[in-house]
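Read through the structure below, which is laid out as structure tokens, and then see the notes.
Read-outs: derived from the displayed coordinates by stated rules, not from any lab. The model shown is predicted, which means the values in this text are computed figures rather than measured ones. Backbone-built Cβ (ideal geometry, glycine too); neighbour counts: all protein chains shown.
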Amino acid sequence: MIRFDLPLIFLVPYLFLLGAVIGSFLNVCIYRLPNSERLSEQIRGLWSPPSHCPRCGRRLLRRDNLPVLGWLLLRGRCRFCKTRISPRYPLIEAANGLLFIIMFFAEVPTGWNATLRDSCLFTPLGPQGDPASTLFSPIMVAFLRWAYHMVLVESLVVASFIDLDLRIIPDGATLPAMAAGVLGGLVFGCVYIVPVWYQDVGVLEEISSLLGGRFASLLSSKPVPGWITLHPHLHGLAVSVAGLVVGGGTVWMVRIIGEWVLKREAMGFGDVILMATGTEVGLCIEAYEKLTAEGVKARVVSMPSWEIFERQDTAYKQSVLPSSVTARVSVEMAATFGWERYVGLKGQKVGMHRFGASAPLKDLLKFFGFTVEAVVAAARKAITEK
Ligand SMILES: [Zn+2]
């Protein structure tokens, strides 16, 4: 019998502190992952530059980085320029501290003489740990499983907050956790809750008696096949890959079924952004109404000044032009030069490609493609070609 008898008076504050420290790293992930498009840049962006005030750019002192306390000591303002710092930072840190405590007590049995059986996640089918082994003793199985689940849960926290802010989930919030999920399953081989393949003897007996004893042979086979006990690491890999396929597959199924039911892209990949300056915004709005009537999710962005837009922070730029939406159309009654910065290489630019034609204005507009139909056509082209 293994005793889980760490005194709570040490355990609870320690778990809270650990969760809060990791929570402050989650804050960095939430604010920095969406700043780049590529996974490698997203990951690199987490480490540099060091924490600084987004307004005055000055580096935070080490004590300002203390989770929760740092914000309280500064009274929610930047030490240098006195800009307000969002209370969301300390709130996420504190909430993450609580999450660590809750998950720990749900997964790791505590108290005098507690055994793995007292864990909420206990099932006789799951790995029991080997009391003779130091690495995979019952207490280590419980700890490893908790740590493993925390990695996955924390990436959900990051993905949820970014999704809440910007309606996107960058690869940096999902792919590393997928890799950790599969690798952890393979390396530990004991962090799963139930085996990937098992038989519930009770259910089998019931079916067998209903069928009048036919299929009784099924009952004689072991509930957990031999290879699972023989090769725990391979089995750990099988469990995590199965989870990835089922979990990821569900999302893709929702997308495919949604597309079929709604007759359009259901997960937001099909959105199109129409951008214009001045009077052309009106044209975009008419095109927007036409596209919406057809069930296309469009948005119109009025961009009177590229320079002012460039001076905004990434979160704002992302909220106006989410990087997940690559179908983009620009409309301007001038040369199309410069717009590729915002519509991307595959975007559509409605504009003048030549100068000097004279005719009544209405005909001219039509000649150069400044009609609602032309903008709608460009939008469709952007959606299919992206
Ligand atoms: Zn500042």
Task: Sites E340 and L204 - FRET efficiency at Förster radius 56 Å, r taken between beta-carbons, to 0.05 - done: 0.30
- [ ] Report ³J(HN,Hα) in whole Hz for each residue of the range 370-379, in order, from the Karplus equation J = 6.51 cos²θ - 1.76 cosθ + 1.60 where θ = phi - 60°; Gly and Pro get x.
- [x] 8, 10, 4, 4, 5, 5, 4, 5, 5, 5
Open item on the list: Using amide H atoms built in the peptide plane, which far-off residues or other-chain residues are under 5 Å from M303 H to H?
Closed with: A276, T277, G278
- [ ] Could you rank the peptides 190-199, 29-38 by their average count of other C-beta atoms within 10 Å per residue, with the highest value first?
- [x] 29-38, 190-199
Open item on the list: Would the range 1-87 count as rounded, prolate or oblate if I go by the C-alpha gyration tensor, calling it rounded below 1.5 in a/c and otherwise prolate when a/b exceeds b/c, oblate otherwise?
Closed with: oblate
Open item on the list: Going by average Cβ density within 10 Å per residue, which order do the peptides 14-25, 48-59 take, highest to lowest?
Closed with: 14-25, 48-59
Task: L11-S86 FRET efficiency (beta carbon distance; Förster radius 25 Å; 0.05 resolution) - done: 0.20
Open item on the list: Within a 10 angstrom radius of the beta carbon, how do I383, I169 rank from fewest other beta carbons to most?
Closed with: I169, I383
- [ ] Would you pull out the residues with amide H under 5 Å of R77's amide H, same chain only if 5 or more places away, H placed 1.01 Å from N?
- [x] I85
Task: Residue-wise HN-Hα coupling along the range 143-156, computed from phi with Karplus coefficients 6.51, -1.76, 1.60 (Hz; x: Gly, Pro) - done: 5, 4, 5, 5, 4, 4, 5, 5, 4, 5, 5, 4, 6, 5
Open item on the list: For the range 316-347 and the range 81-95, what is the centre-to-centre distance using only Cα atoms, to the nearest Å?
Closed with: 33 Å
- [ ] Scan around R328 for amide H atoms under 5 Å from its own, H built in the peptide plane at 1.01 Å from N, and keep only partners 5 or more places away or cross-chain.
- [x] I273, Q348
Task: Highest-fluctuation residue, F337, F104, F161 considered, GNM on the chain with Cα pairs under 10 Å - done: F337
Task: Selection of GluC sites (Glu not before Pro), the range 281-352, meeting DSSP coil and at most 16 other Cβ within 10 Å - done: E294
Task: Label point distance in nm, A132-A180, each placed 7 Å from Cα along Cα→Cβ - done: 3.4 nm
TODO: Determine the shape class of the chain: with a ≥ b ≥ c the square roots of the Cα gyration tensor eigenvalues, call it rounded for a/c under 1.5, and otherwise prolate if a/b is greater than b/c, oblate otherwise.
DONE: oblate
